[in-house]
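Everything below concerns the one structure shown next.
Any read-out appearing in this document is the output of simple, stated calculations on the displayed coordinates, not a laboratory observation. Here the structure is a predicted model, which is why all the values come from computation and not from measurement. FYI the Cβ positions are ideal-geometry reconstructions off the backbone, even for glycines, and counts take in every protein chain you see.
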Amino acid sequence: RRQNLLAFKDKPVYTTDHHKVTLLANVGNLNEIKHLSDVGADGIGLFRTEFMVMNAKKIPDEQAQYLLYCNALQSLEGNIFTIRTLDIGADKELPSLSLDSEENPALGLRGIRYCLAHPELLRTQLRAVLRASYHGPIRLMFPMVNHVEEIDQIFAMVARCEKELHEEEMLFGEVSYGIVVETPAAVMNLDSMLDRLDFVSIGTNDLTQYAMAADRTNPSLNKDYPSFSPAILKLVKMTIDTAKSNNVRVALCGELASDPQIAPILVGMGLDELSVSLGSMLEIKSAICQCEYKQLKAKAKEILTHNRIESLQASLSENT
Ligand code: PEP
Ligand code: MG
């Protein structure tokens, strides 16, 4: 079976009626980048930069981060490189930061909130990304953004970093900017943010947790609150429609995209890109390549009519 899947390795992803889908990888360290070509990924859709601080005694400084991103760009040879800014908070073990413990870390100072509360951390990462982007295309996305005021703060910091680099006569390039849509508030407020964004990526892992008020780390809840339940699919569809009506590219980087039954249907909903774990890449490729886009669009419509998880699941199991 693996052998059959390997036949898809070097194939670009098209449906049988020639609709192109960009298939990217979720990556959590530099080593994984070397394996993108093993599965023929179009690039990286989510580079989780937390690894830089998770195991480190101290946070890499600007120069170290710059070299790390340049190193990744070199391996990627011009393919898509989507960096996510540090998504840290009290839920993670971070010896270098000594975070205050919180009663509800998932609802606390995490993601962009943490970075905006510690602007030096954001500034260092932004400067490193801007400098690295002189050497190749970089997309940068911000996790846990809820509303337009955060976008104002982020872009004020971007402007400050560009001004500083200019004054220091440092070379820097043009970065594409996006957010991870992973809270219901972000879905509802998306319209107001899109004029300043080049792309969005839907993070269904957190979107499910926050929409369902169901802790994603609590195994006794996972079965009853799956990411393919009707409310989540509706939130995904809303996000896609809002982004598309503003001509903004839309990706999905949560685990939902790594599910071969649902990934083609997400394409039918209008996603431009899916970002999946390296281990699921070939299976997702093969699933999409066997489908007709016209049928996927019809199936996506049908899927959104189900109110019960059970009937939704039954419909997903039918051959598309
Ligand atoms: C998500 O929330 O769906 C996501 C992709 O990010 P993470 O799993 O790292 O929170
Ligand atoms: Mg997330």
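What Kirkwood radius, in Å to one decimal, follows from the Cα pairs of the range 186-279?
Result for the range 186-279, one decimal place: 13.6 Å.
Normalised by 2.2 N^0.38 Å, where N counts its residues, the alpha-carbon radius of gyration of the range 169-210 equals 1.47. Rg then Dmax, both in Å and based on the Cα atoms of the range 76-143: 14.0, 44. Rounded to the nearest 10 degrees, the inclination of helix 230-245 to the longest alpha-carbon principal axis of the chain is 70 degrees.
Ordered from longest to shortest, the equivalent ellipsoid semi-axes for the range 4-52 are 24, 13, 6 Å, each the square root of 5 times a Cα gyration tensor eigenvalue. I'd like the distance separating the alpha-carbon centroids of the range 56-115 and the range 163-226, in whole Å. The range 56-115 and the range 163-226 have Cα centres separated by 14 Å. Ordering Ala106, Thr16, Ser176 by Cα displacement along the dipole of the chain toward the positive end leaves Thr16 in first place; charges were set at the Cβ atoms of Lys, Arg (+1) and Asp, Glu (-1). Size check on the range 60-174: the Cα extents along the three principal axes, sorted descending, read 43, 29, 23 Å.
Each Cα pair under 8 Å and six or more residues apart adds its sequence gap; the mean of these over the residue count of the chain is a relative contact order of 19 percent.
Here the chain yields Rg over Rh of 0.96, to two decimals, using C-alpha coordinates and the Kirkwood radius. For the range 231-293, how big is the tail of P(r) above 15 Å, as a whole percent of Cα pairs? Pairs farther apart than 15 Å: 46 percent.
Arg139 sits among other residues whose Cβ lies under 13 Å from its own Cβ, and their net charge, with Lys and Arg +1 and Asp and Glu -1, is -3. The helix-based estimate of mean residue ellipticity at 222 nm for the chain, built from -39,500 (n - 2.57) per DSSP H run of four or more residues and divided by its residue count, is -13000 deg cm²/dmol to the nearest 500.
Placing +1 on the Cβ of every Lys and Arg and -1 on the Cβ of every Asp and Glu, with no other charges, gives the chain a dipole of roughly 880 debye about its Cα centre.
If the only charges are +1 at each Lys and Arg Cβ and -1 at each Asp and Glu Cβ, what is the size of the charge dipole of the range 156-240 around the Cα centre, to the nearest 20 debye?
The calculated dipole for the range 156-240 is roughly 660 debye.
Highest-first packing order for the peptide set 15-24, 40-49 is 40-49, 15-24, based on the mean count of other beta carbon atoms within 10 Å.
Out of all Cα-Cα pairs in the range 133-232, roughly what percent, to the nearest whole number, are more than 23 Å apart?
Taking all Cα-Cα pairs of the range 133-232, the fraction more than 23 Å apart is 40 percent.
Here is the P(r) of the range 1-113: all C-alpha pair distances, binned every 5 Å from 0, give 2, 10, 17, 18, 15, 12, 10, 8, 5, 2, 0 in whole percents.
Pairs with C-alpha atoms separated by more than 27 Å, drawn from the list Lys92/Lys223; Lys34/Lys57; Lys58/Lys285; Lys34/Lys244; Lys34/Lys285, are Lys58/Lys285; Lys34/Lys244.
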